Amino acid sequence: MAFPGVDYILIDSQLSAQELLVRQTARRFVDERAIPLIRECYRDAVFPSQLIPEMAELGFLGANLGPDSERYGCAAMNNIEYGLIMQELERGDSGLRSFASVQGALVMYPILRYGSHEQKEHWLPLLQAGKAVGCFGLTEPDFGSNPAGMRTRAVRDGSGWVLNGEKTWITNGSAAHIALVWARTEDGIQGFLIERGAPGFSATDIHDKWSMRASVTSSLNMTDCRLPGSAALPGAKGLKAALACLTQARFGIGWGVIGAAMDCYETARSYTVTRTQFDGKPLAGHQMVQEKLAWMITEITKAQLLALHCARLKDAGRLDAAHVSMLKRNNATIAIECARLSRDLLGANGITGEYPVMRHLCNLETVRTYEGTDHIHALVIGERVTGIPAYR
Ligand SMILES: Cc1cc2nc3c(=O)[nH]c(=O)nc-3n(C[C@H](O)[C@H](O)[C@H](O)COP(=O)(O)OP(=O)(O)OC[C@H]3O[C@@H](n4cnc5c(N)ncnc54)[C@H](O)[C@@H]3O)c2cc1C
């Protein structure tokens, strides 16, 4: 069934015809192609990789990388259009949006921004077309919120490099043709492109996840992994370079989670207006139920406005990482609360796979943690308003 959308205060009137068209395209793709598959994929813990070519053809991969990206086949959409795509994908499932986020913001963006001419010419057209999949390896078993402590090391070996270390919780890891791995060198942290099959490199999947089941999550191992000198991304130097990629991805998350929240809200609204209890009265006819729906749609509306404003700032080149921390933190928080309330309003039915809310709720637990946890983003905002870093 076509999703009707959630637009309480006529925010659509702020969108251009082109932006509405992009959303309509993404909405139809999710309704017709993703939703029919996703319940089974989630149950069986598989990513719906058959959707990759279509996502690529529709221009969803690396969609907002600016005019320079057009020569590599990218759609060069504005950030509202990109955000609306992320919103619709995550309405389908956070795993779908994670795939597109990693591919576009964490692999294509750094190659475009930090890569050599050869790296761009080779990888960007393949990644845009979905013919190659990428992953981004920053987190390590002992260094999640504090990636600056990473142990993975790259040492010069003649004209090449030798890498040793381990990355974990890496989205798309074992599915990736190319891994962007961050490692410590004698000149500080740097980014390296490791091709699947490189000697000394392996990826193993993390199983038994109860969240993000329709997404591949892996550990990457580098044991005397020998790379040519051309594997280093020449401009990707310092942790700042990695964090700039995360800012790109978090922007997409700030939009994406609105889609999950909208799906949870609409599921609860339509369920409670039709289900009756106590003398045939619809659940939605009770004040406490309406209060929950009112809370959800108010928070979704505030999240939509925050996302729209951030997209306009980004298009104007004025969005910074601390702004994105507020967007990601707030929107992930309200989305998870919408999922919890929706689950509650559906009663026992809310825990089944027949409805999407429990799946969204489980996924959003990951979204709240990855790309900077709720706490870490609170600390970024705290530092911005006080001038005092409180991470340690
Ligand atoms: C499904 C999934 C996919 C992922 N995909 C990727 C990926 O593609 N690439 C990648 O590199 N990583 C990925 N991650 C890893 C993710 O980014 C990390 O899990 C995240 O950064 C948190 O690190 P951690 O799990 O080690 O938690 P920890 O850092 O150990 O934090 C645990 C808890 O302590 C809190 N905490 C930590 N430090 C502080 C502090 N200073 N003050 C207050 N509280 C603090 C945290 O907020 C959290 O509540 C993924 C994770 C998941 C679950």
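For segment 278-389, what's the radius of gyration and Dmax over Cα atoms, in angstrom?
Just the Cα atoms of segment 278-389 yield Rg and Dmax of 17.3, 59 Å.
Along segment 55-62, what does the Karplus equation 6.51 cos²θ - 1.76 cosθ + 1.60 (θ = phi - 60°) give for ³J(HN,Hα), rounded to whole Hz, x for Gly and Pro?
Going residue by residue, I get 4, 5, 4, 7, x, 6, 8, x Hz, with x marking Gly and Pro.
Which shape class applies to the chain: rounded if a/c is under 1.5, otherwise prolate when a/b exceeds b/c and oblate if not, where a ≥ b ≥ c are the square roots of the Cα gyration tensor eigenvalues?
Verdict is prolate for the chain.
Let me check against my output: what whole-number percent is the relative contact order of segment 1-154, with C-alpha pairs under 8 Å and at least 6 apart?
Answer for segment 1-154 is 22 percent.
For n ≥ 4 DSSP H runs only, could you compute -39500 (n - 2.57) per run for the chain, divide by its residues and tell me the 222 nm figure to the nearest 500?
-15500 deg cm²/dmol
Determine the shape class of segment 89-235: with a ≥ b ≥ c the square roots of the Cα gyration tensor eigenvalues, call it rounded for a/c under 1.5, and otherwise prolate if a/b is greater than b/c, oblate otherwise.
Oblate.
How do 250, 97 rank by accessible surface area computed with a 1.4 Å probe, from largest to smallest?
Largest to smallest exposure gives the sequence 250, 97.
³J(HN,Hα) across segment 316-325 via Karplus (A = 6.51, B = -1.76, C = 1.60, θ = phi - 60°), whole Hz, x for Gly/Pro?
Taking θ as phi minus 60°, the curve returns 8, x, 10, 8, 10, 4, 5, 5, 5, 4 Hz for segment 316-325.
Mind ranking 271, 8 by accessible surface for me, highest first, 1.4 Å probe?
Of 271, 8, the descending order of accessible area is 8, 271.
At most 11 other Cβ atoms within 10 Å plus a DSSP loop assignment makes a site exposed; report the longest stretch of the chain without any exposed GluC sites (Glu not before Pro).
1-185
Using modelled backbone amide H atoms (1.01 Å from N, in-plane), which distant-in-sequence or interchain residues come within less than 5 Å of residue 150's amide H?
Long-range HN contacts for residue 150: none found.
If you fit an axis through the alpha-carbon atoms of helix 357-369 and take the longest principal axis of the Cα set of the chain, what angle between them do you get, 0 to 90°, nearest 10?
40
Heavy atoms of the protein only, probe of 1.4 Å, neighbouring chains included. What is the accessible area of residue 157 in Å², nearest 10?
Answer for residue 157: close to 70 Å² accessible.
In terms of modelled amide H atoms, which long-range or inter-chain residues lie less than 5 Å from the amide H of residue 232?
Excluding prolines and chain starts, which carry no amide H, the hits are 193.
With every protein chain present, what accessible area does residue 281 have (1.4 Å probe, heavy atoms only), rounded to the nearest 10 Å²?
90
Going by the alpha-carbon gyration tensor, a ≥ b ≥ c the square roots of its eigenvalues, is segment 77-143 rounded (a/c under 1.5) or, if a/c is not under 1.5, prolate (a/b greater than b/c) versus oblate?
In terms of gyration-tensor shape, oblate.
Checking the cross-link filter: which lysines have an alpha carbon closer than 28 Å to that of residue 314, excluding same-chain neighbours under 8 positions apart?
120, 237, 240, 302, 328
Can you give me the relative contact order of the chain as a percent, contacts being Cα pairs under 8 Å and 6 or more apart?
The normalised contact order for the chain reaches 17 percent.
With +1 on the Cβ of every Lys and Arg and -1 on the Cβ of every Asp and Glu, and nothing else charged, how large is the dipole of segment 98-256 about its Cα centre, in debye rounded to the nearest 20?
320
Taking the Cα centre as origin and putting +1 on Lys and Arg beta-carbons and -1 on Asp and Glu beta-carbons, what dipole magnitude results for segment 100-190, to the nearest 20 debye?
140
Using protein chains only and a probe of 1.4 angstrom, how many square angstrom of residue 72 are accessible, to the nearest 10?
20
Working from Cα positions, state the angle (0 to 90°, nearest 10) between the long axis of helix 374-386 and the longest principal axis of the chain.
The angle comes out at about 80 degrees.
Using the crude model of +1 on Lys and Arg Cβ and -1 on Asp and Glu Cβ, and no other charge, please compute the dipole size for segment 174-226 relative to its Cα centre, in debye to 20.
Around 200 debye, computed over segment 174-226.
Among 372, 188, 165, which one moves the most in a GNM of the chain with springs linking Cα atoms closer than 10 Å?
188
Carbon-plus-sulfur fraction of the accessible area of the chain, 1.4 Å probe, in percent?
Looking at the chain in its full context, I get 53 percent from C and S.
When the solvent-accessible surface of protein heavy atoms is calculated with a 1.4 angstrom probe, in what order do 123, 169 fall, highest first?
Output order, biggest surface exposure first: 169, 123.
So who's got an amide H within less than 5 Å of the one on residue 206, skipping anything under 5 residues away but keeping other chains? H placed 1.01 Å off N, in plane.
Distant-sequence amide H within range of residue 206: 217, 218, 219.
The values are calculated or read from the model by the stated rules, or taken from the named source; none is laboratory data. Please read all numbers here as calculations on a predicted model, not as lab measurements. FYI the Cβ positions are ideal-geometry reconstructions off the backbone, even for glycines, and counts take in every protein chain you see. Each accessible area value is taken on the protein alone, full model and side chains, heavy atoms only, with ligands, DNA and RNA left out. Shrake-Rupley method; radii C 1.70, N 1.55, O 1.52, S 1.80 Å.
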